[in-house]
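J.: Have a look at the structure that comes next, please.
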Amino acid sequence: TFHPVTLEDSTSGNQMKELLKALSKLNDTTIIFTMPNADVDGKILFSLIKDFTKEYSNAYAFTSLGQLKYLSCIAQVDCVIGNSSSGLSEVPTFKKGSINIGDRQKGRLKATSVIDCDPDLKSISKALKEIYKPEFKAELELTINPYGDGLAVEKIINILRKTSFDNLLKKNFYNLNQ
């Protein structure tokens with residue numbers, strides 16, 4: 001899940017090429033791409049991904065999986081790699097690793113399951129090796145998502161059920177025509 005880097009001049013295509021070089025070495029791994037957003041350079045990334053999936057039979061691309069299918073997919077994969085906020089906000093809830101490439105998410109809260117790397121072949125390859133280390137995989141079970149546990153709605157409902165609203169101030173309306 002890799003999106004255009006909008007705050008850097010014309011680097012999205014180069015970063016994607018480095019990512020694709022690293023992914024091309026994963027011969028025994030199914031690779032699932034979600035297509036980039038519509039930001040500048042999105043078409044370049046789209047084209048690079050399409051070319052990659054034509055060349056590698058273990059790679060598949062989807063324009064959009066939608067929320068349910070995307071989250072279901074996360075539950076089944078080894079890791080999520082790219083520069084999307086979902087690698088930081090949603091993936092840790094599933095106790096899965098994320099490889100966060102480049103600076104697109106710089107400054108955001110990150111769980112211990114997130115590996116930051118530079119947008120070059122060497123750094124991405126190193127992060128991929130780390131994702132599959134038994135020590136890293138064992139630590140994933142201890143992951144705490146800094147964005148919450150996904151149960152906010154239930155917690156809010158429970159608080160509202162226990163709260164008395166009997167003494168709330170009521171707004172008074174005045175009829176100015178009388």
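The values are calculated or read from the model by the stated rules, or taken from the named source; none is laboratory data. It should be emphasised that the depicted structure is a prediction, and the values quoted were computed from it without experimental measurement. With ideal geometry, Cβ positions are generated from the backbone for all residues, glycine too; neighbour counts draw on all protein chains shown. For the accessible areas, the whole protein counts, side chains as well, though only heavy atoms, and no ligand, DNA or RNA atoms are used. Shrake-Rupley method; radii C 1.70, N 1.55, O 1.52, S 1.80 Å.
J.: Which members of region 103-112 meet the condition of being at pLDDT below 95 and surrounded by 20 or more Cβ atoms within 10 Å (Cβ to Cβ)?
T.: Of everything in region 103-112, those that are at pLDDT below 95 and surrounded by 20 or more Cβ atoms within 10 Å (Cβ to Cβ) turn out to be Arg104, Gln105.
J.: Filter region 99-127 down to residues that are of a type in the set (Gly, Ala, Ser) and touching a residue at least 60 places away in the same chain (Cβ under 8 Å) and give me whichever is farthest from Gly87 (Cα to Cα).
T.: Quick first cut of region 99-127, residues of a type in the set (Gly, Ala, Ser) only: 102, 107, 111, 113, 123, 125, 127.
Narrowing the set further to residues that are touching a residue at least 60 places away in the same chain (Cβ under 8 Å) leaves 102, 125.
Details: Gly102: 13, Ser125: 17 Å.
Filtering region 99-127 for residues that are of a type in the set (Gly, Ala, Ser) and touching a residue at least 60 places away in the same chain (Cβ under 8 Å), the one farthest from Gly87 (Cα to Cα) comes out as Ser125.
J.: Every residue in region 25-69 that is of a type outside the set (A, V, I, L, M), farther than 13 Å from His3 by Cβ and buried (at least 18 other Cβ atoms within 10 Å of the Cβ), please.
T.: Within region 25-69, just Phe52 meets the criteria.
J.: Looking at region 54-151, what strands (runs of 3 or more DSSP E) fall wholly within it and have at least 1 residues that are more than 16 Å from Ile31 (Cα to Cα) and touching a Gly at 6+ places or on another chain (Cβ under 8 Å)? Let's see the steps before the verdict.
T.: Numbers: elements: 59-62, 79-82, 97-101, 114-117.
In region 54-151, the matching strands (runs of 3 or more DSSP E) lie at 97-101, 114-117.
J.: Hey, among the residues in region 4-17 that are open to solvent by 30 Å² or more (accessible area, probe 1.4 Å), part of a loop (DSSP other than H, G, I, E, B) and not charged (D, E, K, R), which one's modelled with the highest pLDDT? Give the steps one after another, and end with the answer.
T.: Within region 4-17, the first condition is being open to solvent by 30 Å² or more (accessible area, probe 1.4 Å), and the residues that meet it are 6-11, 14, 17.
Then keep just the ones that are part of a loop (DSSP other than H, G, I, E, B); that gives 6-11.
From what's left, not charged (D, E, K, R): 6-7, 10-11.
Details: Thr6: 74, Leu7: 70, Ser10: 61, Thr11: 83.
The extreme case among them is Thr11.
J.: Then there's this: In region 125-135, which residues are of a type in the set (Gly, Ala, Ser) and either within 18 Å of the chain's Cα centre (by Cα) or open to solvent by 60 Å² or more (accessible area, probe 1.4 Å) (or both)?
T.: Pass one, region 125-135, residues of a type in the set (Gly, Ala, Ser): 125, 127.
Selection gives Ala127 alone.
J.: Just a yes or no: is a residue in region 5-13 touching a strand residue (DSSP E or B) at 6+ places or on another chain (Cβ under 9 Å) and within 22 Å of Arg104 (Cα to Cα)? Steps first, please.
T.: Filtering region 5-13 for residues touching a strand residue (DSSP E or B) at 6+ places or on another chain (Cβ under 9 Å) gives none.
No, that holds for no residue.
J.: While we're looking at this one, here's another question. Kindly establish whether Asn27 is touching a His at 6+ places or on another chain (Cβ under 8 Å), among the polar types (S, T, N, Q) and at pLDDT below 95. Quick ask: steps written out before the conclusion?
T.: Details: touching a His at 6+ places or on another chain (Cβ under 8 Å): no; among the polar types (S, T, N, Q): yes; at pLDDT below 95: yes.
No, not satisfied.
J.: Tell me the residue from Ile131, Ile99, Ile115, Ile157 that is over 18 Å from Ile74 (Cα atoms) and at pLDDT 90 or above, please. Quick ask: steps written out before the conclusion?
T.: On the way: Ile131 fails: over 18 Å from Ile74 (Cα atoms); Ile99 fails: over 18 Å from Ile74 (Cα atoms); Ile115 fails: over 18 Å from Ile74 (Cα atoms).
Of the residues listed, the single one that is over 18 Å from Ile74 (Cα atoms) and at pLDDT 90 or above is Ile157.
J.: Just give me the residues in region 21-44 being out of contact with any Gly (no Cβ under 7 Å at 6 or more places or on another chain) and part of a helix (DSSP H, G or I), in sequence order.
T.: Narrowing region 21-44 to residues out of contact with any Gly (no Cβ under 7 Å at 6 or more places or on another chain): 21-35, 37-40, 42-43.
Matches in region 21-44: Lys21, Ala22, Leu23, Gly42, Lys43.
Residues are listed down the side, and each one gets a yes or a no for (1) more than 22 Å from the chain's Cα centre (by Cα); (2) among the β-branched types (Val, Ile, Thr); (3) surrounded by 10 or more Cβ atoms within 10 Å (Cβ to Cβ); (4) over 30 Å from Met16 (Cα atoms):
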residue: Pro119; (1), (2), (3), (4): no, no, yes, no
residue: Ser123; (1), (2), (3), (4): no, no, yes, no
residue: Lys137; (1), (2), (3), (4): no, no, yes, no
residue: Leu140; (1), (2), (3), (4): no, no, yes, no
residue: Asp149; (1), (2), (3), (4): no, no, yes, yes
residue: Leu160; (1), (2), (3), (4): yes, no, no, yes
residue: Asn167; (1), (2), (3), (4): yes, no, no, yes
